[in-house]
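Student: This is the structure, below, for whatever I ask next.
What follows is calculated from the coordinates using simple rules that are stated; it is not laboratory data. All of these numbers come straight from a predicted model, not from anything done at the bench. Every residue, glycine among them, receives a Cβ derived from its backbone with ideal geometry; neighbour counts consider all protein chains shown.
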């Protein structure tokens, strides 16, 4: 699974690295965060019908357009690769509303007493780019809520402490994932696989990560594995 991320690089810098446009509202509202959980704002890169790519803010936790009450939709911050093409909650978004979700790093917990959190980031220093989906929900007055989810798959060699991991897309697969002419099938599902060994590195971090009220770069200070 993937339920905790860090977004501390300035949005304009991330947009330049991804070679995409930037939603002005995202730049205005942004502040660096080292400990983001579901229902908070994350970055998402969507492609328009004319091929323009823009990074905007999305609430983390997908709410389908047909939902009657967003508050009633729970635990949709991750979608499983094995069922994302068929499960009603995600099927439409998988067909036509795919996004890239860039982060600086993400966290996972090693089992033990107490559990030890680890940070995972790319070995090459580039942003980690997840495969994601987006939706737009509107209330009776027309107010819009933009939401997103991150797709997960079985754990690969870069995830030794958990049975699942987020799908990390390489730059060479971004075009295919965002292509609005591709609507499903093996072409997309073939991208939803674990990372190749050596893509990610990980290190133990401060257990304070466990509480989203805790914030700041000190959360990434080196620690000894307590597990």
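Student: Give me the Kirkwood hydrodynamic radius of the chain in Å, from all C-alpha pairs, to one decimal place? Spell out each step's value before the answer.
Tutor: Details: mean 1/r = 0.0559 Å⁻¹.
Roughly 17.9 Å, rounded to one decimal.
Student: Average projected area of the Cα convex hull of the stretch 22-97, in nm²?
Tutor: Numbers: hull surface 25.4 nm².
About 6.4 nm², averaged over all directions.
Student: Need one number: % antiparallel among DSSP beta bridges in the chain, to the nearest 5. Mind dumping the intermediate values first?
Tutor: Values: 39 of 46 bridges.
Here the antiparallel bridges make up roughly 85 percent for the chain.
Student: Another question, if that's okay. Once you keep just the Cα pairs under 8 angstrom separated by 6 or more residues, what percentage relative contact order results for the chain? Don't skip to the answer; put the middle values down first.
Tutor: Values: 495 pairs, mean separation 50.5, N = 227.
RCO, the chain: 22 percent.
Student: Roughly speaking, what is the centre-to-centre gap between the stretch 162-227 and the stretch 85-145 when only Cα atoms are used, to the nearest Å?
Tutor: The two parts, judged by their Cα centres, are 9 Å apart.
Student: Where Rh is the Kirkwood radius over the Cα pairs of the stretch 56-191, the temperature 37 °C and the viscosity 0.692 mPa s, what D in µm²/s does Stokes-Einstein return? Walk me through the numbers on the way to the answer.
Tutor: Numbers: Rh = 16.0 Å.
D, rounded to a whole number, is 206 µm²/s.
Student: Quick one: in the stretch 167-225, what % of C-alpha pairs are over 15 Å apart? Before the final figure, lay out each step's value.
Tutor: Working: 1107 of 1711 pairs.
Every Cα pair in the stretch 167-225 considered, those over 15 Å come to 65 percent.
Student: Additional query: Express the Stokes-Einstein translational diffusion coefficient of the stretch 121-207 in µm² s⁻¹, to the nearest whole number, given a Kirkwood radius over alpha-carbon pairs, 25 °C and a viscosity of 0.890 mPa s. Mind dumping the intermediate values first?
Tutor: Numbers: Rh = 15.0 Å.
Result for D is 163 µm²/s.
Student: From Cα pairs below 8 angstrom and at least 6 apart in sequence, can you work out the relative contact order of the stretch 1-99, rounded to a whole percent? Don't jump to the answer; show the numbers that get you there.
Tutor: Details: 122 pairs, mean separation 24.2, N = 99.
Relative contact order of the stretch 1-99: 24 percent.
Student: May I ask what percent, to the nearest 5, of DSSP beta bridges between residues of the stretch 20-60 are antiparallel?
Tutor: Working: 7 of 9 bridges.
Restricted to the stretch 20-60, the bridges split so that about 80 percent are antiparallel.
Student: Something else: Using the 10 angstrom Cβ neighbour count as an exposure proxy, how do 55, 159 rank, fewest first?
Tutor: Details: 55 24, 159 20.
Exposure proxy ranking, most exposed first: 159, 55.
Student: Quick check on the chain: helices-only [θ] at 222 nm, where DSSP H runs of length 4 and up contribute -39,500 (n - 2.57) each and the sum goes over total residues. Nearest 500, please.
Tutor: So the calculated ellipticity at 222 nm is -3500 deg cm²/dmol.
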